[in-house]
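I have placed the structure first, in the form of structure tokens, so that the comments after it can refer back to it.
FYI, it's all coordinate maths here, none of it is from the lab. Quantities reported herein were computed from a predicted structural model and do not represent experimental measurements. Here Cβ is always computed from backbone atoms with ideal geometry, including for glycine, and neighbour counts include all displayed protein chains.
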Amino acid sequence: MALQRIEIQHVLEFDELVKRLRNVRLKGFPDVKIYEDSDFINIKSFSPQRISEQVFTPQPAIYRNFLDRIDRMREIFSERGIDIFRLEGGIDYTAFDENGQETNWTIMPPVIEVLLINFANHRPDYSKLIGKPLEERMIKEGHRLNPEVSSLSYDAFDKFSGLERIPIICDGSHRIHSAYEKGIEQNLLVIDTPRWGYPYYAAPKPYSKVHVEQERPEGGSPDKTHVLTEPGHKLLYRLFPSGGILSGDVRPVKK
């Protein structure tokens, strides 16, 4: 359904947004608040050059029809004096499609997680990054580390050895690429040190690998390399992303 208009319900200051983020949980571990003890949550400005040189992505495939929807979102929010590429906090809003259907969302800056990843011979090694609770679930349910991860090798990894801090897009990849294509600065929300033992569900790939396709294929992107064998990777889903065009949105925390 195409977005036709919005109604602003509530503007979140940064501190209020952080409180919500500290309640984000995992699909497979609903008692785990993945950002509860994160040392650093802040909004930073990223130039296209900084994106290309410093940021990694779990999903190199970007879809043109999703970028078109981002353009529509930008236009509608601009009518309210809001630049979706330069958000300093969050905005609760009601969206209306062409049929008048209402849905409630919160838009915020796209999210980057700064993850600790172990590298062996310049290739990601997750064997030392799995915490005890996750390991027990893997054994119980028959999941294992995806062998494809350890075969990932890129020029961008050549400088990595041992335990490294890797900034990887957690949510909002299409909004990030939309600003990147336009050559403009954008605000991203950077979360440092999410709870150890629950790595992001897909492995990092350098931003240079991003490519634009016309539409998302049936069954989803083939470009992601899951850290755990399917369907175990779903245990590590962060529950705030909504996916697709709504990527970057956070549902309000229920009282």
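Calculated FRET efficiency, residue 9 to residue 101, Cβ-Cβ distance, R0 = 22 Å: about 0.85 to the nearest 0.05.
Stretching residue 140 away from residue 125 to a fully extended chain increases their span by 3.2 nm, per 0.36 nm per residue minus the current alpha-carbon distance.
Only Cα pairs under 8 Å and 6+ residues apart enter the sum, and on that basis the relative contact order of the chain stands at 35 percent. Each of 83, 92 was scored by other Cβ atoms within 10 Å of its Cβ. Listed from fewest to most, they are 83, 92.
Could you work out the Kirkwood radius for region 1-150, taking every pair of different alpha carbons, averaging 1/r and inverting it, reported in Å?
Numbers: mean 1/r = 0.0530 Å⁻¹.
Result for region 1-150, one decimal place: 18.9 Å.
Under the definition of Cα pairs under 8 Å and six or more residues apart, what whole-number percent is the relative contact order of region 1-127?
Working: 129 pairs, mean separation 43.6, N = 127.
Here the relative contact order equals 34 percent.
Cross-linked pairs 182/224; 159/234; 44/128; 205/234; 128/205; 44/159: Cα-Cα separations exceed 27 Å for 159/234; 44/128.
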